[in-house]
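Some notes on the structure that comes next.
The values are calculated or read from the model by the stated rules, or taken from the named source; none is laboratory data. Note that the structure is a prediction, hence the values are computed from the model and not measured. FYI the Cβ positions are ideal-geometry reconstructions off the backbone, even for glycines, and counts take in every protein chain you see. Just so you know, the surface numbers come from the protein's heavy atoms only, side chains and all, with ligands and any DNA or RNA stripped out. Shrake-Rupley method; radii C 1.70, N 1.55, O 1.52, S 1.80 Å.
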Amino acid sequence: MSDQIVTLENATRSFPVFEGKRIYALRGIDLEVRRNEFLTLLGPSGCGKTTLLQAVSGFIDLEQGRILIEGKDITDVPPHRRPVNTVFQNYALFPHMSVGENTGYALEIAGVPVAERRKRVAEALEMVGLKDMENRRPRQLSGGQQQRVALARAIIARPKLLLLDEPLSALDKNLREAMRIELKTLQSELGISFVFVTHDQEEALTMSDRVAVLDAGQIQQIGTPRTVYDAPATTFVATFVGASNLFEGRREGERVVTPDGIAIHSKSPAANDAAVTALIRPEQFSLTAANDEPSLEMEVDQVVFVGSAFELLGRAAGGRKLTALIPASARGQVGAIEASRRARLYYDPASVHLIVPTEAAQ
Ligand SMILES: Nc1ncnc2c1ncn2[C@@H]1O[C@H](COP(=O)(O)OP(=O)(O)O)[C@@H](O)[C@H]1O
Ligand SMILES: [Mg+2]
(Lines give C-alpha, C1' and ligand atoms only; values in the text may rest on other atoms or scores of the structure.)
(Ligands and ions follow the chains in the order given, each with its own letter.)
Protein backbone atom coordinates (compact mmCIF):
# COMPACT_ATOMS: atom_id res chain seq x y z
CA MET A 1 0.00 0.00 0.00
CA SER A 2 1.41 3.35 -0.98
CA ASP A 3 2.06 5.90 1.72
CA GLN A 4 0.29 8.64 -0.20
CA ILE A 5 -3.45 8.90 -0.41
CA VAL A 6 -3.37 11.77 -2.93
CA THR A 7 -0.65 12.96 -5.27
CA LEU A 8 -0.87 16.11 -7.37
CA GLU A 9 1.65 16.45 -10.16
CA ASN A 10 2.16 19.81 -11.81
CA ALA A 11 -1.47 20.75 -11.13
CA THR A 12 -2.16 23.88 -13.16
CA ARG A 13 -5.35 25.85 -13.63
CA SER A 14 -6.14 29.38 -14.76
CA PHE A 15 -9.31 31.42 -15.14
CA PRO A 16 -10.08 34.15 -17.68
CA VAL A 17 -10.28 37.59 -16.08
CA PHE A 18 -10.55 40.32 -18.72
CA GLU A 19 -9.37 41.20 -22.22
CA GLY A 20 -8.06 37.71 -22.80
CA LYS A 21 -5.90 37.84 -19.65
CA ARG A 22 -5.90 34.85 -17.34
CA ILE A 23 -5.17 34.49 -13.67
CA TYR A 24 -3.32 31.38 -12.55
CA ALA A 25 -5.03 29.94 -9.49
CA LEU A 26 -2.70 26.90 -9.48
CA ARG A 27 0.80 27.13 -10.93
CA GLY A 28 2.30 23.70 -11.25
CA ILE A 29 1.48 22.37 -7.80
CA ASP A 30 3.25 19.19 -6.67
CA LEU A 31 1.75 17.87 -3.47
CA GLU A 32 1.46 14.59 -1.64
CA VAL A 33 -1.14 13.97 1.02
CA ARG A 34 -0.08 11.13 3.27
CA ARG A 35 -2.31 8.41 4.59
CA ASN A 36 -4.01 9.39 7.83
CA GLU A 37 -2.53 12.87 8.04
CA PHE A 38 -4.04 16.23 8.89
CA LEU A 39 -2.70 18.51 6.18
CA THR A 40 -3.56 22.20 6.14
CA LEU A 41 -3.44 24.50 3.14
CA LEU A 42 -2.67 27.94 4.52
CA GLY A 43 -2.57 31.14 2.53
CA PRO A 44 -4.18 34.53 1.97
CA SER A 45 -7.51 34.96 0.24
CA GLY A 46 -7.21 34.31 -3.50
CA CYS A 47 -4.04 32.19 -3.34
CA GLY A 48 -5.75 29.11 -4.82
CA LYS A 49 -6.81 27.04 -1.80
CA THR A 50 -10.40 26.43 -2.89
CA THR A 51 -9.32 25.75 -6.48
CA LEU A 52 -6.88 23.13 -5.22
CA LEU A 53 -9.60 21.39 -3.16
CA GLN A 54 -12.01 21.50 -6.08
CA ALA A 55 -9.43 19.96 -8.37
CA VAL A 56 -9.06 17.08 -5.89
CA SER A 57 -12.83 16.63 -5.48
CA GLY A 58 -13.27 16.85 -9.26
CA PHE A 59 -15.48 19.96 -9.44
CA ILE A 60 -12.96 21.72 -11.64
CA ASP A 61 -10.67 20.32 -14.32
CA LEU A 62 -6.95 20.85 -14.53
CA GLU A 63 -5.35 22.43 -17.58
CA GLN A 64 -2.13 20.55 -17.01
CA GLY A 65 -0.94 17.92 -14.61
CA ARG A 66 -2.64 14.99 -12.97
CA ILE A 67 -4.14 13.76 -9.73
CA LEU A 68 -3.61 10.29 -8.33
CA ILE A 69 -5.51 8.67 -5.50
CA GLU A 70 -3.66 5.73 -3.99
CA GLY A 71 -1.45 5.69 -7.04
CA LYS A 72 -4.35 5.53 -9.51
CA ASP A 73 -4.81 8.39 -11.99
CA ILE A 74 -8.25 9.90 -11.32
CA THR A 75 -7.77 13.12 -13.29
CA ASP A 76 -10.73 12.25 -15.54
CA VAL A 77 -12.90 10.49 -12.94
CA PRO A 78 -16.13 12.43 -12.16
CA PRO A 79 -16.63 13.84 -8.63
CA HIS A 80 -19.21 11.30 -7.42
CA ARG A 81 -16.86 8.43 -8.26
CA ARG A 82 -13.94 9.77 -6.24
CA PRO A 83 -13.48 8.50 -2.65
CA VAL A 84 -13.51 12.08 -1.44
CA ASN A 85 -15.99 14.26 0.42
CA THR A 86 -16.04 17.99 1.13
CA VAL A 87 -17.23 20.12 4.03
CA PHE A 88 -17.85 23.69 2.90
CA GLN A 89 -17.82 26.94 4.80
CA ASN A 90 -21.52 27.37 3.99
CA TYR A 91 -22.58 23.93 5.07
CA ALA A 92 -26.25 24.41 4.03
CA LEU A 93 -28.26 21.69 5.75
CA PHE A 94 -31.74 20.83 4.44
CA PRO A 95 -34.00 22.83 6.78
CA HIS A 96 -37.06 20.59 6.38
CA MET A 97 -35.14 17.42 7.23
CA SER A 98 -34.16 16.23 10.71
CA VAL A 99 -30.53 15.99 11.84
CA GLY A 100 -30.68 12.23 11.26
CA GLU A 101 -32.13 12.60 7.75
CA ASN A 102 -29.56 15.23 6.85
CA THR A 103 -26.77 13.00 8.09
CA GLY A 104 -28.00 9.88 6.30
CA TYR A 105 -28.92 11.59 3.04
CA ALA A 106 -25.99 10.26 1.01
CA LEU A 107 -26.68 6.71 2.18
CA GLU A 108 -30.36 7.04 1.29
CA ILE A 109 -29.44 8.18 -2.23
CA ALA A 110 -27.03 5.26 -2.48
CA GLY A 111 -29.87 2.86 -1.56
CA VAL A 112 -28.41 1.64 1.74
CA PRO A 113 -31.16 -0.29 3.64
CA VAL A 114 -32.93 1.54 6.49
CA ALA A 115 -31.57 -0.57 9.35
CA GLU A 116 -27.96 -0.16 8.22
CA ARG A 117 -28.56 3.54 7.61
CA ARG A 118 -29.93 4.07 11.13
CA LYS A 119 -26.93 2.38 12.64
CA ARG A 120 -24.45 4.43 10.67
CA VAL A 121 -26.28 7.72 11.31
CA ALA A 122 -26.18 7.00 15.04
CA GLU A 123 -22.46 6.20 14.82
CA ALA A 124 -21.63 9.32 12.81
CA LEU A 125 -23.61 11.57 15.15
CA GLU A 126 -21.94 10.05 18.15
CA MET A 127 -18.52 10.73 16.62
CA VAL A 128 -19.28 14.43 16.27
CA GLY A 129 -20.81 14.67 19.76
CA LEU A 130 -24.46 14.91 18.70
CA LYS A 131 -25.80 11.70 20.15
CA ASP A 132 -29.58 11.82 20.77
CA MET A 133 -30.09 14.85 18.53
CA GLU A 134 -31.26 12.88 15.51
CA ASN A 135 -34.81 14.14 15.57
CA ARG A 136 -34.09 17.83 15.85
CA ARG A 137 -34.33 20.24 12.95
CA PRO A 138 -31.25 22.27 11.94
CA ARG A 139 -32.87 25.52 13.17
CA GLN A 140 -33.10 24.03 16.67
CA LEU A 141 -29.30 23.74 16.77
CA SER A 142 -26.55 26.27 17.44
CA GLY A 143 -24.11 27.23 14.68
CA GLY A 144 -21.47 24.88 16.08
CA GLN A 145 -23.93 21.99 16.25
CA GLN A 146 -25.00 22.61 12.66
CA GLN A 147 -21.37 22.52 11.61
CA ARG A 148 -21.06 19.15 13.36
CA VAL A 149 -24.05 17.81 11.41
CA ALA A 150 -22.28 18.88 8.22
CA LEU A 151 -19.24 16.94 9.40
CA ALA A 152 -21.30 13.85 10.26
CA ARG A 153 -22.90 14.04 6.82
CA ALA A 154 -19.47 14.19 5.19
CA ILE A 155 -17.92 11.27 7.07
CA ILE A 156 -20.87 8.89 6.94
CA ALA A 157 -19.98 7.56 3.49
CA ARG A 158 -16.52 6.75 4.89
CA PRO A 159 -14.45 8.65 2.35
CA LYS A 160 -10.72 8.02 2.23
CA LEU A 161 -10.16 11.71 2.19
CA LEU A 162 -12.09 14.59 3.69
CA LEU A 163 -11.63 18.07 2.29
CA LEU A 164 -12.60 20.96 4.56
CA ASP A 165 -12.85 24.44 3.06
CA GLU A 166 -12.62 27.02 5.87
CA PRO A 167 -15.28 25.13 7.85
CA LEU A 168 -14.76 27.10 11.07
CA SER A 169 -14.77 30.63 9.72
CA ALA A 170 -18.52 31.15 10.28
CA LEU A 171 -18.24 30.29 13.99
CA ASP A 172 -17.47 32.68 16.83
CA LYS A 173 -14.00 32.72 18.35
CA ASN A 174 -14.55 30.48 21.40
CA LEU A 175 -16.37 27.84 19.42
CA ARG A 176 -13.77 27.95 16.68
CA GLU A 177 -11.02 27.26 19.19
CA ALA A 178 -12.92 24.36 20.76
CA MET A 179 -13.68 22.88 17.34
CA ARG A 180 -9.98 22.88 16.38
CA ILE A 181 -9.16 20.28 18.98
CA GLU A 182 -12.31 18.30 18.20
CA LEU A 183 -11.54 18.18 14.49
CA LYS A 184 -8.02 16.95 15.12
CA THR A 185 -9.34 14.26 17.49
CA LEU A 186 -12.04 13.25 15.01
CA GLN A 187 -9.45 12.90 12.25
CA SER A 188 -7.26 10.56 14.25
CA GLU A 189 -10.26 8.52 15.43
CA LEU A 190 -11.56 8.11 11.90
CA GLY A 191 -8.14 7.23 10.56
CA ILE A 192 -8.69 9.10 7.31
CA SER A 193 -6.74 11.97 5.76
CA PHE A 194 -8.02 15.51 6.18
CA VAL A 195 -7.05 18.37 3.89
CA PHE A 196 -8.10 21.47 5.76
CA VAL A 197 -8.11 24.95 4.24
CA THR A 198 -7.69 28.13 6.22
CA HIS A 199 -6.26 31.65 6.03
CA ASP A 200 -5.80 31.63 9.82
CA GLN A 201 -2.23 30.77 10.78
CA GLU A 202 -3.09 29.93 14.38
CA GLU A 203 -5.65 27.39 13.19
CA ALA A 204 -3.06 25.85 10.88
CA LEU A 205 -0.38 25.61 13.56
CA THR A 206 -2.62 24.10 16.24
CA MET A 207 -4.32 21.36 14.23
CA SER A 208 -2.01 20.10 11.54
CA ASP A 209 0.49 17.32 11.11
CA ARG A 210 1.84 19.32 8.18
CA VAL A 211 1.13 22.76 6.78
CA ALA A 212 1.47 23.76 3.12
CA VAL A 213 1.82 27.53 2.78
CA LEU A 214 0.44 28.84 -0.52
CA ASP A 215 0.91 32.15 -2.25
CA ALA A 216 -0.30 33.10 -5.72
CA GLY A 217 -0.98 29.52 -6.81
CA GLN A 218 2.32 28.10 -5.62
CA ILE A 219 3.40 26.14 -2.58
CA GLN A 220 6.01 28.22 -0.77
CA GLN A 221 6.78 25.60 1.84
CA ILE A 222 5.42 22.38 3.24
CA GLY A 223 6.41 21.01 6.63
CA THR A 224 5.42 20.44 10.23
CA PRO A 225 3.97 23.47 12.06
CA ARG A 226 7.25 23.84 13.95
CA THR A 227 9.39 23.76 10.83
CA VAL A 228 7.24 26.28 9.04
CA TYR A 229 7.30 28.59 12.08
CA ASP A 230 10.92 28.17 13.18
CA ALA A 231 12.56 27.77 9.78
CA PRO A 232 10.44 29.50 7.12
CA ALA A 233 11.77 28.96 3.61
CA THR A 234 10.79 32.40 2.32
CA THR A 235 10.09 35.86 3.72
CA PHE A 236 6.47 35.39 2.66
CA VAL A 237 6.16 32.35 4.93
CA ALA A 238 7.97 34.19 7.76
CA THR A 239 5.54 37.11 7.67
CA PHE A 240 2.36 35.14 6.95
CA VAL A 241 2.94 32.58 9.70
CA GLY A 242 3.44 34.55 12.90
CA ALA A 243 4.91 37.94 13.70
CA SER A 244 8.48 38.56 12.66
CA ASN A 245 11.47 40.89 12.74
CA LEU A 246 13.28 40.49 9.43
CA PHE A 247 16.80 41.77 8.75
CA GLU A 248 17.72 41.68 5.10
CA GLY A 249 21.44 41.90 4.56
CA ARG A 250 24.70 40.15 3.70
CA ARG A 251 26.40 37.36 5.49
CA GLU A 252 29.71 38.46 7.02
CA GLY A 253 31.29 35.72 9.10
CA GLU A 254 28.91 34.87 11.96
CA ARG A 255 26.78 37.94 11.34
CA VAL A 256 24.24 39.37 8.92
CA VAL A 257 24.87 43.03 8.25
CA THR A 258 21.99 45.17 7.00
CA PRO A 259 22.38 48.25 4.78
CA ASP A 260 21.40 50.46 7.75
CA GLY A 261 24.31 49.06 9.75
CA ILE A 262 22.65 46.55 12.08
CA ALA A 263 24.57 43.33 12.71
CA ILE A 264 22.58 40.23 13.66
CA HIS A 265 24.46 37.20 14.91
CA SER A 266 23.33 33.84 13.63
CA LYS A 267 24.73 30.33 13.71
CA SER A 268 22.58 29.19 10.76
CA PRO A 269 24.54 28.09 7.71
CA ALA A 270 24.86 30.49 4.76
CA ALA A 271 27.74 31.25 2.42
CA ASN A 272 29.85 34.27 3.20
CA ASP A 273 28.70 37.42 1.38
CA ALA A 274 25.39 35.74 0.41
CA ALA A 275 22.24 37.89 0.43
CA VAL A 276 20.16 36.52 3.31
CA THR A 277 17.38 37.55 5.66
CA ALA A 278 17.74 36.92 9.39
CA LEU A 279 14.54 36.16 11.31
CA ILE A 280 13.98 36.93 14.97
CA ARG A 281 10.48 36.21 16.28
CA PRO A 282 9.24 38.76 18.85
CA GLU A 283 9.25 36.14 21.63
CA GLN A 284 12.93 35.30 20.95
CA PHE A 285 13.95 38.61 22.48
CA SER A 286 14.63 38.72 26.17
CA LEU A 287 15.32 41.56 28.60
CA THR A 288 18.08 39.61 30.34
CA ALA A 289 21.21 38.09 28.81
CA ALA A 290 21.84 34.38 29.41
CA ASN A 291 25.62 34.57 28.87
CA ASP A 292 27.23 37.23 26.75
CA GLU A 293 24.42 37.23 24.21
CA PRO A 294 24.27 39.88 21.50
CA SER A 295 21.56 42.51 21.78
CA LEU A 296 19.77 45.34 20.03
CA GLU A 297 18.91 48.69 21.52
CA MET A 298 15.25 49.63 21.06
CA GLU A 299 13.59 52.98 21.31
CA VAL A 300 10.18 52.03 22.65
CA ASP A 301 7.10 53.72 21.15
CA GLN A 302 4.42 51.60 22.74
CA VAL A 303 3.97 48.97 25.43
CA VAL A 304 0.88 46.85 24.85
CA PHE A 305 -0.40 44.51 27.57
CA VAL A 306 -1.85 41.37 25.98
CA GLY A 307 -2.54 39.38 29.15
CA SER A 308 0.13 36.70 29.17
CA ALA A 309 2.76 39.07 27.78
CA PHE A 310 3.75 42.61 26.96
CA GLU A 311 4.30 43.62 23.39
CA LEU A 312 7.03 46.22 22.96
CA LEU A 313 6.75 48.20 19.72
CA GLY A 314 9.54 50.48 18.73
CA ARG A 315 12.58 51.14 16.55
CA ALA A 316 16.21 50.16 16.37
CA ALA A 317 19.00 52.68 15.86
CA GLY A 318 18.51 53.86 12.29
CA GLY A 319 14.71 53.77 12.51
CA ARG A 320 13.91 50.14 11.59
CA LYS A 321 10.76 48.81 13.29
CA LEU A 322 11.14 46.17 15.99
CA THR A 323 8.62 44.10 17.94
CA ALA A 324 9.39 42.15 21.10
CA LEU A 325 7.13 39.95 23.19
CA ILE A 326 8.07 39.82 26.86
CA PRO A 327 6.38 37.41 29.30
CA ALA A 328 4.07 39.12 31.82
CA SER A 329 6.27 37.78 34.63
CA ALA A 330 8.84 40.44 33.69
CA ARG A 331 6.43 43.21 34.66
CA GLY A 332 8.98 44.95 36.88
CA GLN A 333 11.45 45.38 34.05
CA VAL A 334 8.68 46.39 31.68
CA GLY A 335 7.67 49.10 34.16
CA ALA A 336 11.17 50.54 33.98
CA ILE A 337 11.05 50.44 30.17
CA GLU A 338 7.76 52.32 30.17
CA ALA A 339 9.48 55.05 32.16
CA SER A 340 12.74 55.22 30.19
CA ARG A 341 11.30 54.40 26.74
CA ARG A 342 14.40 52.36 26.03
CA ALA A 343 14.98 48.60 26.07
CA ARG A 344 17.94 46.33 25.45
CA LEU A 345 16.78 43.18 23.66
CA TYR A 346 18.98 40.10 23.94
CA TYR A 347 18.75 37.09 21.65
CA ASP A 348 20.44 33.74 21.20
CA PRO A 349 22.40 33.52 17.90
CA ALA A 350 21.73 29.76 17.81
CA SER A 351 18.01 30.46 17.39
CA VAL A 352 18.30 33.04 14.60
CA HIS A 353 17.09 31.43 11.40
CA LEU A 354 18.44 32.62 8.05
CA ILE A 355 16.24 32.72 4.99
CA VAL A 356 18.39 32.05 1.96
CA PRO A 357 16.73 32.86 -1.37
CA THR A 358 16.67 29.92 -3.74
CA GLU A 359 15.61 29.86 -7.36
CA ALA A 360 12.51 27.88 -6.46
CA ALA A 361 11.36 30.51 -3.98
CA GLN A 362 11.81 33.53 -6.21
N1 LIG B 1 -14.58 30.39 -11.42
C2 LIG B 1 -13.64 31.35 -11.40
N3 LIG B 1 -13.61 32.30 -12.37
C4 LIG B 1 -12.63 33.25 -12.38
N5 LIG B 1 -11.66 33.35 -11.45
C6 LIG B 1 -11.65 32.44 -10.47
C7 LIG B 1 -12.63 31.40 -10.38
N8 LIG B 1 -12.36 30.64 -9.29
C9 LIG B 1 -11.25 31.20 -8.73
N10 LIG B 1 -10.82 32.26 -9.42
C11 LIG B 1 -9.64 33.09 -9.13
O12 LIG B 1 -8.56 32.24 -8.85
C13 LIG B 1 -7.80 32.70 -7.75
C14 LIG B 1 -7.80 31.65 -6.64
O15 LIG B 1 -9.10 31.54 -6.12
P16 LIG B 1 -9.48 30.57 -4.91
O17 LIG B 1 -8.96 29.21 -5.20
O18 LIG B 1 -10.93 30.68 -4.68
O19 LIG B 1 -8.64 31.21 -3.72
P20 LIG B 1 -8.76 31.00 -2.12
O21 LIG B 1 -9.69 29.87 -1.87
O22 LIG B 1 -7.35 30.75 -1.68
O23 LIG B 1 -9.28 32.29 -1.57
C24 LIG B 1 -8.43 34.01 -7.33
O25 LIG B 1 -7.74 35.06 -7.93
C26 LIG B 1 -9.84 33.90 -7.87
O27 LIG B 1 -10.37 35.17 -8.13
MG1 LIG C 1 -11.49 29.82 -0.75
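Structure notes:
- Judged by the ratio a/c of the largest to the smallest principal axis of the C-alpha gyration tensor, region 165-302 counts as prolate, that ratio being 1.5 or greater while a/b is larger than b/c.
- The accessible surface of region 202-242, taken with every protein chain in place and a 1.4 Å probe, is 49 percent carbon and sulfur.
- Sorted from longest to shortest, the spans of the Cα atoms of the chain along the three principal axes equal 73, 47, 46 Å.
- Taking the 1.4 Å solvent-accessible surface of region 243-355 as the whole, the part contributed by carbon and sulfur is 50%.
- Note on Asn272/Asp230: beta-carbon distance plugged into 1/(1 + (r/R0)^6) with R0 of 22 Å gives a FRET efficiency of 0.40.
- Pairwise FRET efficiency - Arg27 versus Ala263, Cβ, R0 = 56 Å, nearest 0.05: 0.90
- Residue pairs exceeding 32 angstrom between C-alpha atoms, taken from Lys131/Lys173; Lys21/Lys72; Lys72/Lys184; Lys131/Lys160; Lys267/Lys321; Lys184/Lys267: Lys21/Lys72; Lys184/Lys267.
- Cα gyration tensor shape of region 45-89, rounded if a/c is under 1.5, else prolate or oblate by comparing a/b with b/c: oblate
- Label-point separation in nm, Lys72 to Ala170, each point 7 Å along Cα→Cβ: 3.3 nm
- Amide H partners (placed H, <5 Å) of Phe310, local residues excluded: Ile326, Ala328
- Which of Val6, Asn36, Phe88, positive extreme of dipole for region 1-136 (C-beta unit charges): Phe88
- In this calculation the C-beta distance from Gln140 to Asn36 is compared with R0 = 35 Å, giving a FRET efficiency of 0.50.
- Gyration tensor verdict on region 257-333 (Cα atoms; rounded if a/c is under 1.5, prolate if a/b is larger than b/c, oblate otherwise): prolate
- Residues whose amide H comes within less than 5 Å of that of Ile5, counting only those at least five positions distant or on another chain, are Val33, Arg34, Arg35 (H built at 1.01 Å from N in the peptide plane).
- Based on alpha carbons, the Rg and Dmax found for region 1-138 are 18.4, 57 Å.
- Separation in nanometres of the label points that stand 7 Å from Cα toward Cβ, at Glu254 and Asp200: 4.3 nm
- Peptides ranked, highest mean first, by Cβ atoms within 10 Å: ranges 73-83, 156-166, 272-282: 156-166, 272-282, 73-83
- Ratio of the Cα radius of gyration of region 143-234 to 2.2 N^0.38 Å, where N counts its residues: 1.12
- Solvent-accessible heavy-atom area per residue, rounded to whole Å², over the chain at 1.4 Å: 49 Å²
- Take every Cα pair under 8 Å whose residues are at least 6 apart in sequence, average their separation, divide by the length of region 243-355, and the relative contact order is 32 percent.
- For the chain, the antiparallel share of DSSP beta bridges with both residues in that region comes to about 75%.
- Cα-Cα P(r), region 82-238, percent of pairs per 10 Å interval: 10, 37, 32, 14, 6, 0
- Taken along its principal axes, the alpha carbon cloud of region 222-362 reaches lengths of 46, 32, 27 Å, longest axis first.
- The accessible surface of region 1-159, taken with every protein chain in place and a 1.4 Å probe, is 48 percent carbon and sulfur.
- Projected over all directions and averaged, the alpha-carbon convex hull of region 111-160 occupies 3.8 nm².
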